[in-house]
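Participant: Quick one: the structure is below, and I'll ask about it shortly.
The values are calculated or read from the model by the stated rules, or taken from the named source; none is laboratory data. Note that the coordinates shown come from a computational prediction; the quantities given were computed from them, not determined experimentally. In this analysis, Cβ positions are derived from the backbone assuming ideal geometry, glycine residues included, and neighbour counts consider all displayed protein chains. Heads up: the accessible areas ignore ligands, DNA and RNA and are worked out on the full protein's heavy atoms, side chains in. Shrake-Rupley method; radii C 1.70, N 1.55, O 1.52, S 1.80 Å.
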Amino acid sequence: MVEDDPALRLLYERQVQSWNMPVELRMVSNGLEGLLEMGRQPPDLLLTDLIMPELDGFAMLNALRTSPRVKPMAIVAVSGLEDEVIASRGGLPAGVTRMHKPVPFHELHGYVQALHALFVREQAASHPLVR
């Protein structure tokens, strides 16, 4: 998760913990830290704000677009910006899901559950059980 607001990071952390799912949540406060963290270990899901200090979400997402290492990563951009403002900043890369602030945690939970189910299914298909 890339979010500059400490209160929102705490809220996300508490919400994710309440889901009782096998989720490892790593948090950073700007796009530059996000790029560094993803360079160490790309996540399965990136949840990012768009307006942040240092390096904003737009610049971070544009940098990620060119990296083959993170192509399979699901990305959700969370922002209170109007569609016109996002479009004026170049828009979001193809495949990026957008959620509005305040974050609809029930929708985010469903999204994470669906990603987890897909991951489990892909793991089972790539490692069939021997009978």
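Participant: When the residues of the range 94-131 are narrowed to those that are open to solvent by 60 Å² or more (accessible area, probe 1.4 Å) and of a type in the set (S, T, N, Q), which ends up nearest to the chain's Cα centre (by Cα)?
Facilitator: Gln113
For (1) in contact with a helix residue (DSSP H, G or I) (Cβ under 7 Å, 6 or more places away or on another chain); (2) farther than 13 Å from Gly57 by Cβ; (3) modelled with pLDDT of 95 or more, each residue gets a yes or a no:
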{"site": "Ala87", "(1), (2), (3)": "no, yes, yes"}
{"site": "Gly90", "(1), (2), (3)": "yes, no, no"}
{"site": "His100", "(1), (2), (3)": "no, yes, no"}
{"site": "Pro104", "(1), (2), (3)": "no, yes, no"}
{"site": "Gln113", "(1), (2), (3)": "no, yes, no"}
{"site": "His116", "(1), (2), (3)": "no, yes, no"}
{"site": "Glu122", "(1), (2), (3)": "no, yes, no"}
{"site": "Ser126", "(1), (2), (3)": "no, yes, no"}
{"site": "Val130", "(1), (2), (3)": "no, yes, no"}
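Participant: Under 7 Å by Cβ, and 6 or more places apart or on different chains, what pairs join a residue from the range 105-124 that is touching a residue at least 40 places away in the same chain (Cβ under 8 Å) with one that is assigned to a helix (DSSP H, G or I)?
Facilitator: Phe105/Gln15
Participant: Next question. Which condition number does Leu46 fail, the rest of (1) over 16 Å from Arg9 (Cα atoms); (2) under 13 Å from the mean Cα position of the chain (by Cα) being met?
Facilitator: For Leu46, the failing item is (1).
Participant: Continuing with this model, one more query. Taking the conditions exactly as written (assigned to a loop (DSSP other than H, G, I, E, B), open to solvent by 50 Å² or more (accessible area, probe 1.4 Å), free of Cβ contacts under 8 Å to residues at least 40 places away in the same chain and out of contact with any Leu (no Cβ under 9 Å at 6 or more places or on another chain)), does Gly91 satisfy them or not? Working first, answer last.
Facilitator: On the way: assigned to a loop (DSSP other than H, G, I, E, B): yes; open to solvent by 50 Å² or more (accessible area, probe 1.4 Å): no; free of Cβ contacts under 8 Å to residues at least 40 places away in the same chain: yes; out of contact with any Leu (no Cβ under 9 Å at 6 or more places or on another chain): yes.
When the stated conditions are applied, Gly91 does not pass them.
Participant: Let me ask something else. For the range 64-88, what are the residues that are open to solvent by 30 Å² or more (accessible area, probe 1.4 Å), under 24 Å from Leu8 (Cα atoms) and small (Gly, Ala, Ser)?
Facilitator: Step one: filter the range 64-88 for residues open to solvent by 30 Å² or more (accessible area, probe 1.4 Å), giving 65-69, 71-72, 80-85, 87-88.
Adding the requirement that they be under 24 Å from Leu8 (Cα atoms) leaves 80-83, 85.
Across the range 64-88, the qualifying residue is only Gly80.
Participant: Can you tell me how many residues within the range 35-63 are among the charged types (D, E, K, R), open to solvent by 40 Å² or more (accessible area, probe 1.4 Å) and either free of Cβ contacts under 8 Å to residues at least 60 places away in the same chain or touching a Lys or Arg at 6+ places or on another chain (Cβ under 8 Å) (or both)? Steps first, answer last, please.
Facilitator: Narrowing the range 35-63 to residues among the charged types (D, E, K, R): 37, 40, 44, 49, 54, 56.
From what is left, the residues that are open to solvent by 40 Å² or more (accessible area, probe 1.4 Å) are 37, 40, 44, 54.
Now narrow it down to the ones that are either free of Cβ contacts under 8 Å to residues at least 60 places away in the same chain or touching a Lys or Arg at 6+ places or on another chain (Cβ under 8 Å) (or both): 37, 40, 54.
Counting residues in the range 35-63 that are among the charged types (D, E, K, R), open to solvent by 40 Å² or more (accessible area, probe 1.4 Å) and either free of Cβ contacts under 8 Å to residues at least 60 places away in the same chain or touching a Lys or Arg at 6+ places or on another chain (Cβ under 8 Å) (or both) gives 3.
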